[in-house]
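Please treat every number below as a calculation from the coordinates, not as lab data. For clarity, every value in this text was computed on a predicted model and none was experimentally measured. Reconstructed Cβ throughout: ideal geometry from the backbone, glycine too, with neighbour counts over all protein chains shown.
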Amino acid sequence: MPSARRSGADHVTTSVFPGLDPARYQPHALHSSERMWPETNCYVDLWIEVLSAQGSHPEAMLGFTLTQDFEGDQFTFFKVPLEDLEALYGIRATELAIFDSVEAHVQAQIARGRLCLVEMDSFFMPDTRGVGYRQDHGKTTVGINRLDMAGRVMDYFHNGGFFRLEGEDFDGVFQLDAPEGALPFLPYTEFAKFPVEPTALGHQRDLAHRLLRQHFARRPDANPIAAFAKEFPAQVEAVAERPFGYFHKYAFNTLRQFGANFELLASHLAWLDTAAHANAMKAALAISENAKSVQFQLARAVTRKKFDALGQALDPAIAGWDRLMDDLKPHLA
């Protein structure tokens, strides 16, 4: 619930989750540096940390990873369905219309205990230092926990953690320093309404079992990694003709997306029932590990412009997907 406290004589700062301090924040175990993919994509990573801060179990939501497909040029940017959030956690998330300044809308929702998820430019986010900060403009989603307009400070969930930006970065993310006549800042924004108390663990576990069966029924009709493998050589040759920075974007939307997706699925199965799903977990982790290995091979191939070694590189992941679905079928079909 929102917390209000005075920070000087003339303004009040509020937060959705009181007491969170970026300097002392501990990310959830799903973002441990020991994982193959400590970060997945901005949307799922954000919800992992938000649910943890709310006192819920983010592992419960991950059954939707079974539905990931190859879309022809990329893998599905996997996102938790909003209906799953409501069923599991009682959280209602929907689009927030932006017709005033973004910061005015965010302040109004924070005051009501609601978290705004806003698409912003990672160029101004110091937590992306060394990757995007002050180097590259990129669209990413953040969850704004605290906004102090007078102090020009924002505390926010992003990727695998909780951070603070201020000063010029604050002006940048809200485009407060845009030149006169510039197009208005109208980002896609969602807002989440939280229940008075988190749902019970038993409820989350029961619903997670039910949702896993539903998502299994919605899985791709054919092996998506096999479909990707057919396009992979031609895509890689095209990537090699682009500036090397393009490699990172391509790898993020292909190898990283399915690698991280299936590592999260393995964590979901372990949370539900390690013994019952032991073989499926191994298959999911084999997919994830192969994606990680091929990403390194891809970097070398693009640098050297030698692609022969990539021909059969995805075979372990292809076999892993088939084995995973066969292992799950007796439990979920």
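First check a/c for region 180-290, with a ≥ b ≥ c the square roots of the eigenvalues of its C-alpha gyration tensor; if it is under 1.5, answer rounded, and if not, answer prolate when a/b is larger than b/c or oblate otherwise.
oblate
On the first, second and third principal axes, largest extent first, how far apart are the outermost C-alpha atoms of region 34-136 in Å?
39, 38, 31
For Lys282, give me every one of the aspartates and glutamates with a C-alpha distance below 15 angstrom, ignoring sequence neighbours fewer than eight places off in its own chain.
Those aspartates and glutamates meeting the cut-off are Glu263, Asp273, Asp322, Asp326, Asp327.
List, in order, the whole-Hz ³J(HN,Hα) value for each residue of region 163-171 obtained from phi through the Karplus relation with A = 6.51, B = -1.76, C = 1.60 and θ = phi - 60°; use x for Gly and Pro.
Going residue by residue, I get 9, 10, 10, 7, x, 4, 5, 4, 4 Hz, with x marking Gly and Pro.
Can you give me the angle between helix 278-304 and the longest principal axis of the chain, using Cα atoms only, in degrees from 0 to 90, rounded to the nearest 10?
Helix 278-304 sits roughly 90 degrees off the main axis of the chain.
What's the exposure ranking of Tyr89, Tyr250, Tyr188, Tyr25, going from fewest to most Cβ atoms within 10 Å?
Tyr188, Tyr25, Tyr250, Tyr89
Can you sort Trp37, Trp271, Trp47 so the residue with the fewest Cβ neighbours within 10 Å comes first?
By the 10 Å Cβ count, ascending: Trp271, Trp37, Trp47.
Relative contact order of the chain, please, whole-number percent, based on alpha carbon pairs below 8 angstrom and at least 6 residues apart.
Across the chain, relative contact order equals 22 percent.
Dimensions of region 3-193 along principal axes (Cα, Å, largest first)?
50, 35, 33
Using the number of other C-beta atoms within 10 angstrom as an exposure proxy, rank Met325, Met36, Met154 with the fewest first. Each step should come with its number before you reach the end.
On the way: Met325 18, Met36 15, Met154 25.
Sorted ascending by nearby Cβ count, the order is Met36, Met325, Met154.
Can you show me the helix-derived [θ] at 222 nm for the chain, built from DSSP H runs with n ≥ 4 at -39,500 (n - 2.57) apiece and divided by the number of residues, rounded to the nearest 500.
-13500 deg cm²/dmol
In a Gaussian network model over the chain where Cα atoms closer than 10 Å are linked, find which of Asp148, Asp127, Asp273 has the largest mean-square fluctuation.
Asp273
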